[in-house]
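Student: Provided herewith is a single structure, encoded as structure tokens, for subsequent inquiry.
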Amino acid sequence: MRKNAIVILSNIGLYVQFDNVELSNAALDTLTDVISDPSGNYRYTALEALAKLTLIDANWDMITHLANQTSTRLYRVVRSVLGTLPTAGLTCDATPEELAAWEMASLVIYNLASVEDRIRYALVRTPGFVTLMVKLCRRPTADVVRVQSTTTPASKNTQQQQSAQFAPICRRSMRTLVECARVSGNREVLVRYEKDLMGVLTDASGEGVVNGLVDQEVEGLAAECLYAIHTEE
């Protein structure tokens, strides 16, 4: 019964609007349980459902309610989603299924960060969150080397297309940090990662997704994040 509900939510999540706190909490708890199980067959389906539910403005009250409660439920949701992402960063040997799950998880985190300051405040204080977001804004090193070593136009074009598949995750991860940096209360935490953010700028090639670990959009977002950290209100 629960599995059927998750499949239904993944299919129609963009059209589901929760107007009942008990129902929304039950849905979040169910999705979190499934996402937290690394051996579960419905993990990606639950991530997709959560991504869709948190994407539409009508359900932002549901997310805001998490911040109004004790932080236990919110942190549990965040930790379960972060647990599906690669802690060491993106890898070029990821399976299509893994890549799809990572992209969906990064969308959930960004959706949460887009809602309100209390959510962004909680995200930044989740252990390992900032470090993971910084790691995810870089393409895999082996992938970069492979593209650079490709010589023929046809093979280079193929490698560039494969490399571009990491771009949505990289860009969304840095956008998430930019959203978090907009909260003045987060800056004292984020400033501790200034060296890591500067490293992102160092890794930027300025030539799009083709040659460097960091593309131009991520580079610009990293600069925006650093600026926000040092902006006084």
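No value in this document is a laboratory result; all are computed from the given coordinates. Because the structure is a prediction, the values reported are computed rather than measured.
Student: At q = 0.13, 0.16, 0.20, 0.22 Å⁻¹, what base-10 log of I(q)/I(0) does the Debye formula yield for region 61-127 when every alpha carbon is treated as an equal point scatterer in vacuo?
Tutor: Each listed q corresponds, in turn, to -0.39, -0.56, -0.80, -0.91.
Student: Here's a follow-up. Rounded to whole Å and ordered largest first, report the semi-axes of the equivalent ellipsoid of region 19-81 derived from its Cα gyration tensor (root of 5λ). All intermediate terms of the calculation are to be shown ahead of the outcome.
Tutor: Working: eigenvalues 74, 36, 18 Å².
Here the semi-axes work out to 19, 13, 9 Å.
Student: What's log10 of I(q)/I(0) for region 1-111 at q = 0.14, 0.17 Å⁻¹, Debye sum over Cα points only, no solvent?
Tutor: Normalising to I(0) and taking log10 leaves -0.52, -0.77.
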